[in-house]
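Report on one structure; see the data block that follows.
The values are calculated or read from the model by the stated rules, or taken from the named source; none is laboratory data. Fair warning: this is a prediction, and the values are worked out from it, not measured in the lab. Methodologically, a virtual Cβ is constructed for each residue, glycine included, from the backbone with ideal geometry; neighbour enumeration extends over all protein chains shown. Surface areas here come from the heavy atoms of the whole protein model, side chains and all, with no ligands, DNA or RNA. Shrake-Rupley method; radii C 1.70, N 1.55, O 1.52, S 1.80 Å.
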Amino acid sequence: MSLYVRQISIPGEIPREEYISRLPVVQHLRQNPLALTSPVTFFVGENGVGKSTLIEALAVSLGFNPEGGTRNFRFSTKASHSSLWEYLRLGKGLRPRDGFFLRAESFYNVATNIDQLDQEPSFGALVIDSYGGVSLHDQSHGESFMALVENRFGGDGLYILDEPEAALSPMRVMRLMCLIHQLTKCRSQFIISTHSPILMALPGAEIWQIAAGGMERVSYRDTEHYQLTKLFFDDPERMIHHLLRQEGEDP
């Protein structure tokens, strides 16, 4: 398929007083334009390296609401997004028919806005009908995430997801992986930040690991998430013993 976003770069200067200039992902992109080659791209790494900041900036630069939703959402509760979107330059392909920005930490606000929109006079279908017909507030956090993907994501779309696993059980993460795989067969592209070693196992996905020294493309088993999780499950007692000793406690 022809990808909707083919390249991400930061060609200009960013003032040093802006905190985003110190983020590892920003420092890397200023020197190295990033070519996207797969329908699914994962950004992974430790907290604070700039994954979510990049995902958010990418979404805003593409016209999505900073708090999430489609390009038609225009609500705002608190402007907390960075200015990084102003510095991004994107190499684009064809325009997608569909699209959505899922920002886990503000999805509650998206659900609230949907309920508000459906309280206004309308002669058409309710907005919630596109999300399964049940208010997202009348479901658990995880159920509402899955209702979004199962009902609203229609294919031929660009879907930008920030930590979609945040509210999901391991079983639901596996279900999400299957849905993403199915949607890529319907000409969809996903750009995702995640901490889930289950989700990033999706076959054919490209994984960019971000660290203090920059970012590099890695294989699934070379990610820190996979290695650390495997180390834990191979011998949890030994790992817990080691961790508690580091904290100065007697296990």
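Give just the number: which of (1) in contact with a Gly (Cβ under 6 Å, 6 or more places away or on another chain); (2) open to solvent by less than 40 Å² (accessible area, probe 1.4 Å); (3) more than 28 Å from C178 (Cβ to Cβ); (4) not β-branched (V, I, T) does F101 not satisfy?
Of (1) in contact with a Gly (Cβ under 6 Å, 6 or more places away or on another chain); (2) open to solvent by less than 40 Å² (accessible area, probe 1.4 Å); (3) more than 28 Å from C178 (Cβ to Cβ); (4) not β-branched (V, I, T), only one is false for F101: (3).
Going through T53, T77 one at a time, which residue ends up being touching a helix residue (DSSP H, G or I) at 6+ places or on another chain (Cβ under 7 Å), farther than 30 Å from T229 by Cβ and either open to solvent by 40 Å² or more (accessible area, probe 1.4 Å) or at pLDDT below 95 (or both)?
T77
Can you tell me which of (1) touching a strand residue (DSSP E or B) at 6+ places or on another chain (Cβ under 6 Å); (2) at positive phi is the one I191 doesn't meet?
(2)
Quick one: what pairs do we get from the stretch 158-174, first residue in contact (Cβ under 8 Å) with a residue 12 or more places away in the chain and more than 23 Å from P96 (Cβ to Cβ), second among the charged types (D, E, K, R) and surrounded by fewer than 24 Cβ atoms within 10 Å (Cβ to Cβ), C-beta under 6 Å, 6+ apart or different chains?
From the stretch 158-174, the pairs are V173/E165.
With the condition kept exactly as written, say whether any residue in the stretch 215-226 is of a type in the set (G, A, S), within 30 Å of S2 (Cα to Cα) and open to solvent by less than 30 Å² (accessible area, probe 1.4 Å).
No; the residues of the stretch 215-226 include none that is of a type in the set (G, A, S), within 30 Å of S2 (Cα to Cα) and open to solvent by less than 30 Å² (accessible area, probe 1.4 Å).
If you check every pair at least six apart or on different chains, which have Cβ atoms under 7 Å apart with a residue in the stretch 214-239 that is free of Cβ contacts under 8 Å to residues at least 40 places away in the same chain first and a residue that is among the aromatic types (F, W, Y) and part of a strand (DSSP E or B) second?
R217/W208
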